[in-house]
Amino acid sequence: MSAVVHAHPETGPVLGVADTGPVKNRSVLSEAGHRNQWWRFVLILAITAIVLVPIMVTVVLAFTPGPNSTSTGFTLENFGSVFSETLAATWLQNSLITTLSTVIVSVAVAAPAGYVLSRGRSKAVSGYSLLLFVMQSLPIITSVVPLFILFAGMGLVDNLMGLTIIYVGSTMTVATWMMAAYFDSIPISLEEASWIDGCSVFGSFTKVVLRNSLPGILSTAIFAFLLAWNDYLVAIVFLRSTEIFTLPMGVQSFFQQNQTDWTSVMALAVIMMLPPVIVFATLNKYFSVGGIGGSLAGR
């Protein structure tokens, strides 16, 4: 509380009281909020540092001279020796082929399937949605052995095509759910406007829905990319020949043969980490949902 003098034109000065309590309370709450934000920032920073320690160690060892090296300090000879003495280039190519094929097929199939789940209201669509949910909850290990027996009779064992088919099948359920969830955020009024202008259902899907679904498509593509790129369990069951190995199997095989040469093993691990890093760094700027709001500005 503080005294304040008000000057009145007829009666003269008047002594009043100004209540500054709420102002002080707001300032105290603001300072407490800033302190809480500071501690949250420190906690997140500490957790991030702990998570990044293994990655930092891997990168540092990859550029450290090996036990039989004559160079000192920062060096790239570990990467040269990995590519010259192993099938790292072939493993990288195999992983890129299976991963990109999985991404393309998964997105191409999951986009229309997710649109049906998002816009369909029939019992058949609801049953299909429930089936996808059940399939999503099943671990992939439960179907590896039956698939191996089936694919062995079809000549798809020790084959990149058979591995890609399994990756697409295991990715499809979650990819469809992701696309359906994003399509739900797009108002159907945009499609109705295109129908009034003479556009067909397929035309509105391709010209309206998909054009406003870039973040959802990229999220689905990244999910499929990571699942296929990082897989080791399925690959170790279906692949036998060294020249057919994907990069995760190549890293494990190379590690078993060179357990004392950590620098070369870490160099191969860095090679495996680079594509996901490049994908996230390249596509991160496209993750935006502002386009949908702009389409509704004239409503």
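The values are calculated or read from the model by the stated rules, or taken from the named source; none is laboratory data. On a predicted model such as this, the values are computed, not experimentally measured, just so you know. Backbone-built Cβ (ideal geometry, glycine too); neighbour counts: all protein chains shown.
Points to keep in mind about this one:
Let's see how each residue does on (1) over 12 Å from I271 (Cβ atoms); (2) acidic (D, E); (3) modelled with pLDDT under 85; (4) not assigned by TED's automatic domain parsing to the domain that holds Q257:
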{"residue": "M56", "(1), (2), (3), (4)": "yes, no, no, yes"}
{"residue": "V59", "(1), (2), (3), (4)": "no, no, no, yes"}
{"residue": "G66", "(1), (2), (3), (4)": "yes, no, yes, yes"}
{"residue": "S69", "(1), (2), (3), (4)": "yes, no, yes, yes"}
{"residue": "G73", "(1), (2), (3), (4)": "yes, no, yes, yes"}
{"residue": "F79", "(1), (2), (3), (4)": "no, no, no, yes"}
{"residue": "L92", "(1), (2), (3), (4)": "no, no, no, no"}
{"residue": "S95", "(1), (2), (3), (4)": "no, no, no, no"}
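- Residue within the stretch 134-157 that is more than 27 Å from A235 (Cα to Cα), at pLDDT 75 or above and part of a loop (DSSP other than H, G, I, E, B) present: no
- Residues located in the stretch 35-90, provided they are more than 22 Å from M273 (Cβ to Cβ) and aromatic (F, W, Y): W38, W39, F41
- Checked across the stretch 159-178, the condition of being farther than 27 Å from W91 by Cβ and not in a helix (DSSP H, G or I) holds for no residue.
- Matching entry among F79, F83 (being out of contact with any strand residue (DSSP E or B) (no Cβ under 9 Å at 6 or more places or on another chain) and in contact (Cβ under 8 Å) with a residue 24 or more places away in the chain): F79
- Residue in the stretch 170-179 that is surrounded by fewer than 18 Cβ atoms within 10 Å (Cβ to Cβ) and not aromatic (F, W, Y) present: no
- The residues in the stretch 216-244 that are more than 19 Å from I278 (Cβ to Cβ) and either among the hydrophobic types (A, V, I, L, M, F, W, C) or outside the structural domain of V103 (by TED's automatic domain parsing) (or both) can be counted, and the count is 8.
- Residue count for the stretch 180-197, restricted to those that are assigned to a loop (DSSP other than H, G, I, E, B), within 28 Å of the chain's Cα centre (by Cα) and exposed (fewer than 15 other Cβ atoms within 10 Å of the Cβ): 2.
- With respect to the stated conditions, S213 is in contact (Cβ under 8 Å) with a residue 40 or more places away in the chain and either in the same structural domain as I104 (by TED's automatic domain parsing) or closer than 28 Å to L100 by Cβ (or both).
- Look at (1) surrounded by 22 or more Cβ atoms within 10 Å (Cβ to Cβ); (2) farther than 22 Å from L147 by Cβ; (3) in contact with a Ser or Thr (Cβ under 8 Å, 6 or more places away or on another chain) and you find that S204 fails only one, number (1).
- Cross-chain or 6+ apart pairs with Cβ under 6 Å, the stretch 141-156 first and assigned by TED's automatic domain parsing to the domain that holds R240, then assigned to a loop (DSSP other than H, G, I, E, B): F151/V157
- Remark: T86 matches the filter, which requires a residue to be farther than 30 Å from L130 by Cα, crowded, with 18+ Cβ neighbours inside 10 Å and of a type outside the set (G, A, S).
- Lone unmet requirement of (1) over 27 Å from M161 (Cβ atoms); (2) in contact with a Pro (Cβ under 9 Å, 6 or more places away or on another chain) for L226: (1)
- Top-ranked residue in the stretch 106-156 [being under 14 Å from F183 (Cα atoms) and among the hydrophobic types (A, V, I, L, M, F, W, C); ranked as surrounded by the most Cβ atoms within 10 Å (Cβ to Cβ)]: A110
- Just one of the listed residues (F225, F238) is surrounded by 17 or more Cβ atoms within 10 Å (Cβ to Cβ), touching a Leu at 6+ places or on another chain (Cβ under 6 Å), within 23 Å of A88 (Cα to Cα) and of a type in the set (A, V, I, L, M, F, W, C), and it is F238.
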